[in-house]
Ligand code: ATP
């Protein structure tokens, strides 16, 4: 579904992403793990054309490398950015409506708001509450819900569990699986490598901008290097 070839991202003198090749097959959950600064967010931002890059990115057989972000969203890619970034001064409902900014089908938008509320009943209860007053976990739900409002075929999530209490981290992973069961392909960035590898069909380990290892989630969970570096093992 998504094919990345020889992707490079540079910020001035910093070569943050160094020639990576990756693919995300339709219907899979693929995860990208790695330490802080490994280049994970830069990779997602490059896919959405939010940073300067070289290399090719194709989605459903079409080269999207040069398309503006809005067109990429229209084709079915949506991102939940790191740190949630909801619109604090708008209500939950208004945030969701904004998530559908590339769409014009009023009826579809309405029914998708109901779909998001069915995934996150708590958002429905608080529909008119300003997003800035929500708890961290609720804001995360809203960020995911807003990304779903473009009806993505591929949902990319940048560290959705960051800063959440362990019980909420489990909820986030349940939601990821639920969204996946509804037919959405997922590319997940996580620092919580153990949880990510458990749900992933396939995983890439990024080290200083390059792919150091890849394999099925189960394979990497058993891999000694991965255990030592990312799973707190010895
Ligand atoms: P984290 O888990 O800490 O978010 P990451 O793996 O997502 O890390 P990136 O955010 O992609 O890593 O950053 C990769 C490298 O690029 C880092 O060295 C970072 O400092 C640098 N970098 C990222 N954004 C910029 C920018 N806008 N300008 C300059 N350097 C940047």
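Derivation of every value follows stated rules applied to the coordinates shown; laboratory data play no part. None of these values were measured; they are calculated from a predicted model. Glycine gets a Cβ as well: all are built from the backbone with ideal geometry, and neighbour counts include every protein chain shown.
Which residues in the range 23-49 have a backbone N closer than 13 Å to a point placed 7 Å from the Cα of residue 14 along the Cα-to-Cβ line?
Correct set: 36-43.
Calculate how many DSSP beta bridges within the chain are antiparallel, expressed in % of all such bridges and rounded to the nearest 5.
50
Can you figure out the FRET efficiency of residue 224 with residue 58, using R₀ = 45 Å and their beta-carbon distance, to the nearest 0.05?
According to the calculation, E is roughly 0.85.
For the chain, how big is Rg over Rh, using alpha carbon atoms and the Kirkwood form of Rh?
0.96
Suppose only helical runs count, i.e. DSSP H with n ≥ 4. What mean residue ellipticity at 222 nm does that imply for the chain under -39500 (n - 2.57) per run, divided by all residues and rounded to the nearest 500 deg cm²/dmol?
-11000 deg cm²/dmol
Order 38-50, 87-99 from most to least packed using the mean count of other Cβ atoms within 10 Å.
38-50, 87-99
Hey, can you rank 101-113, 136-148 by average C-beta count inside 10 Å, highest first?
The peptides rank, most packed first, as 136-148, 101-113.
Could you state the angle between the C-alpha long axis of helix 136-148 and the longest principal axis of the C-alpha atoms of the chain, as a value from 0 to 90 degrees rounded to the nearest 10?
Helix 136-148 sits at roughly 90 degrees to that axis.
Any idea how far the Cα center of the range 122-146 sits from the one of the range 175-196, in Å?
For the range 122-146 versus the range 175-196, the Cα centre distance is 20 Å.
So for each of 74-81, 162-169 I average, over its residues, the number of other beta carbons within 10 Å; can you give me the resulting order with the highest mean first?
74-81, 162-169
For the chain, what's the relative contact order in percent, using C-alpha pairs closer than 8 Å and at least 6 residues apart?
Once divided by the residue count of the chain, the mean separation gives 27 percent.
When a footprinting reagent is the concern and you count Cβ atoms within 10 Å, what order do 175, 189 take, fewest first?
The fewest-first ordering by Cβ neighbours comes to 175, 189.
Determine the gain in length on full extension of the stretch residue 6-residue 212; use 0.36 nm per residue of separation and subtract their C-alpha separation, reporting nm with one decimal.
72.7 nm
Give me the angle, in degrees from 0 to 90, between the Cα long axis of helix 106-119 and the longest principal axis of the Cα atoms of the chain, rounded to the nearest 10.
70
What FRET efficiency do you get for residue 130 and residue 69 if R0 is 25 Å and r is their Cβ-Cβ distance, rounded to the nearest 0.05?
0.45
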